[in-house]
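Worksheet for the structure shown next.
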Amino acid sequence: MSEVTTFSATVSATTRNGILVVTIDNPPVNATSADVRLGLSRALAHAEAGGAISGLVITGAGKTFIGGADIKEFGKPPVEPMLPDVIETIEALSKPVVAALNGAALGGGLEVALACHYRIASPTAQLGLPEVKLGIVPGAGGTQRLPRLIGIPAAIELIASGRITKAGEALSLGIVDEIAETDLIDVAIDAAQKLVGTPLRRTGELAIASADPAEIEKVSAKLLAKARGQKAPAEAVRLIASSHRPLGEGLADERATFLALRESPEAAALRHVFFAERETSKIAGLEGVEARQVNTIGICGLGLMGSGIAVAALGAGYTVIGLDQTPEAAEKGRERIIGLLERNLASGRLDRAGFDAQTARLSVTATDADLAPCDLVIEAVFDDLDVKIDLFRRLDKAIRSDAILATNTSYLNPDEIAAATQHPGRVLGLHFFSPAHLMRLLEVVRCKETAPDVLATSLNVAKRLRKLPVVTGVTEGFIGNRIFSAYRREAEFLLEDGALPHDIDAALEDYGFPMGLFAVYDMAGLEIAWARRKRQAATRDPSERYVEIADRLCEAGRLGQKSGRGWYAYPDGKRTVDPEVTAIIEAERTKKHITPRSFSQEEIEQRLLGAMAAEGEALLAEGIAARASDIDLVMINGYGFPTHKGGPMFAKG
Ligand code: 3H9
């Protein structure tokens, strides 16, 4: 092996058997920042000019090939050379260039690889063009080169969804040419040597396989329906569907579209979400705190929530011990968990070996003492303070004193639960969202006495469970339900002031929520919230504005979709505006002497957004939420707030 040649601070190379092995080393993810682009272009020039060099291998240091363009550079003045120029040079080089994909090749990273003359992936590499998730389209040839390799329908499916593929799928699709079963660089050097002197396969010169327009339409329509009005997926489809035109024309259109979208409010919102997700588990005071080991998780209460948590824990490789009140209830819980795993098996999310391994790690019991081996116990029993305190006192005795105890309460005060135990420092809240095996959000409730290492451990567990943890202080409803209450309250004020449920729902759906608020209530059922309102009635401040419309609906037996009617009627199962509901609303307005006025869609949006943001400000002032972006993540991941609007705190500007 030759000496190391340095092309820039982040790009260097060695030469082996006449092949220049260029390594990009730009932690944390080898993004194609200005210095990388400079280093690569110098390496390419060096290889082209150097008589002793017969080919190149491009690879990345660490566990990433290239994570994409440097998102932090977006919005800054451009610095030459630009990525599309570097990529064009790669494709046009007279000597073979082989991409050795040692890890994630995403966005601009995959675009670099697509322009190489041969692609070899390590078995663990991941490939994708996830730009639409940042509100943009690929800007360095992805929409034009990928269809030349895998055809238009498959390219639309990947690019317009932003889906990441694993090496095996990438091979069968034709994105990569080979998976290295032995040392990646050795295999890549070998491949480059074999290509010397042969006609090089330049992706941009390949003819695009003809595709059935009906198939293109079918794939696109499915993805665009999911994208709910976002611009980038539709633009990606347009660019890919027209990629059979001359390459230069397609590339110019792609670049102009990329640059325009990059400046859009949608892209700014999605970048905000990207960085917010990486910021949220950085908690002041936890630096250097050593987390505890967690291998076995106990779950108390194997109803819908407990079973969902169990499935998430089994999927993450934990051993799970489920506890319920009686052996029969425990067995029922086991069956429910197995049922969920079977669904994963049927959908292909889990293979048979995985299913067998997960069921082997599951046991259930009705005896507290059987939880003794647990490192963490999560309680998901009925949300009643006395029930939970009794359980925590029993658990306190049954499990090791260094094991962690978590409550999945939605509304109770976990400080009161912790105070009832011998070791309150090991208690915290883990508020999962239903269905717990599918929903990403996890509110991690830091109680008054929660020990730092208990918090750090819970964040690690959350990550392993593939959840998005957001730390919250103790307050009624934590971050999410407090904001949701404010939002709901405002929606009910709007009803009294003159809007109707379908006006509000239409405004929310137009804004990007998957479903309007009143339609969601009907789906979930109105009785639980009604019961809570009745409990709170005695302590409610009489000077506070209180809207009784929902109570009137419940009293009339309109408990939601299950009872056939709620905020809407459901003749033949179809949601329809019900004049009876309008009459109830009008009667309540008259009772309060309110003269109704009309609201534009924008006014409705602004009132609801304003209420959410004001409550968010209160949570920040009270120190319940650490940062505004955490609030955004909670509302996006737990309450259907449209991701491309960035969350209520971002959207209010
Ligand atoms: C693009 O490529 C456009 C092109 O088509 C056109 C160009 C002309 N830039 O996720 P992690 C940071 S658009 C800057 O926790 P992991 C991240 O903020 C891009 N920074 O690591 C974090 O910083 P900190 C298309 C980035 O190991 C740190 O790296 N590419 C970028 O779990 C670690 O991140 C994508 O959308 C970036 N591109 O996962 C891929 N990426 O430590 C986005 C990450 O200060 N990236 N950072 O909090 C990913 O999906 C994951 O980061 C990856 C690693 C899978 C690579």
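Read-outs: derived from the displayed coordinates by stated rules, not from any lab. Predicted, not measured: the structure shown is a model, and the values here were computed from it. Cβ: placed from backbone, ideal geometry, glycine included. Neighbour counts: every protein chain shown.
Think of the stretch 296-472 as having a plus end and a minus end, set by charges on the Cβ of Lys, Arg, Asp and Glu; of 341, 302, 428, 341 sits farthest toward the positive end of this dipole. Shape analysis of the stretch 296-472 yields a ratio of the Cα radius of gyration to the Kirkwood radius, Rg/Rh, of 0.94.
Straight-distance candidates among the lysines for linking to residue 95, with alpha-carbon spacing under 16 Å and chain neighbours fewer than 8 residues away dropped: 194. Applying both filters, DSSP loop and at most 15 other Cβ atoms within 10 Å, to the GluC sites (Glu not before Pro) of the stretch 415-483 gives 476.
Beta bridges per DSSP, both residues in the chain: antiparallel share near 30 percent. Reported to the nearest whole Å, the Cα centre-to-centre distance from the stretch 270-345 to the stretch 109-162 is 33. This model, with +1 at the C-beta of Lys and Arg and -1 at the C-beta of Asp and Glu, gives the stretch 311-402 a dipole about its Cα centre of some 320 debye.
I need the shape label for the stretch 480-623. Rule: rounded when a/c is under 1.5, else prolate if a/b > b/c, else oblate, with a, b, c from the alpha carbon gyration tensor. It comes out rounded by the Cα gyration axes.
Spacing of the modelled spin labels on residue 45 and residue 572, each 7 Å from Cα toward Cβ, amounts to 7.1 nm. Ordered by the number of other Cβ atoms lying within 10 Å of each residue's own Cβ, fewest first, 253, 356 fall into the sequence 356, 253.
How much net charge surrounds residue 312 when only the other residues with a Cβ under 9 Å from the Cβ of residue 312 are counted, with Lys and Arg +1 and Asp and Glu -1? Within the 9 Å Cβ shell, the charges total +2.
Across the stretch 21-103, Cα pairs under 8 Å and at least six residues apart give a relative contact order of 44 percent. Structural descriptor for the chain: relative contact order 9 percent, calculated from alpha carbon pairs under 8 angstrom and at least 6 residues apart.
Computed about its Cα centre, the charge dipole of the stretch 68-120 is approximately 200 debye, with only Lys, Arg, Asp and Glu carrying charge at their Cβ. Peptides 625-631, 304-310, 583-589, 487-493 ranked from most to least packed, by the mean per-residue count of other Cβ atoms within 10 Å: 304-310, 625-631, 487-493, 583-589.
Of the residues 291, 569, 374, the one whose Cα sits farthest toward the positive end of the charge dipole of the chain, with +1 on the Cβ of Lys and Arg and -1 on the Cβ of Asp and Glu, is 374. The ranking of 404, 604 from fewest to most other beta carbons within 10 Å of each one's beta carbon is 604, 404.
Taking other C-beta atoms within 10 angstrom as a stand-in for reagent exposure, 275, 65 fall in the order 275, 65, fewest first. Kindly provide the helix-only [θ] at 222 nm of the chain, computed as the sum of -39,500 (n - 2.57) over DSSP H runs of four or more divided by all residues, to the nearest 500 deg cm²/dmol? So the helix-based figure for the chain works out to -14500 deg cm²/dmol.
Beyond 32 Å in Cα-Cα separation lie the following of the pairs 133/388; 282/645; 76/645: 133/388. Dipole size of the stretch 480-623 about its Cα centre, with +1 on Lys/Arg Cβ and -1 on Asp/Glu Cβ: approximately 620 debye, rounded to the nearest 20.
Normalising the average separation of contacting C-alpha pairs (under 8 angstrom, six or more residues apart) by the number of residues puts the relative contact order of the stretch 322-372 at 56 percent.
When the charge dipole of the chain is built from unit charges on Cβ atoms (+1 for Lys and Arg, -1 for Asp and Glu) and taken about the Cα centre, the candidate among 644, 325, 179 whose Cα reaches farthest toward its positive end is 179.
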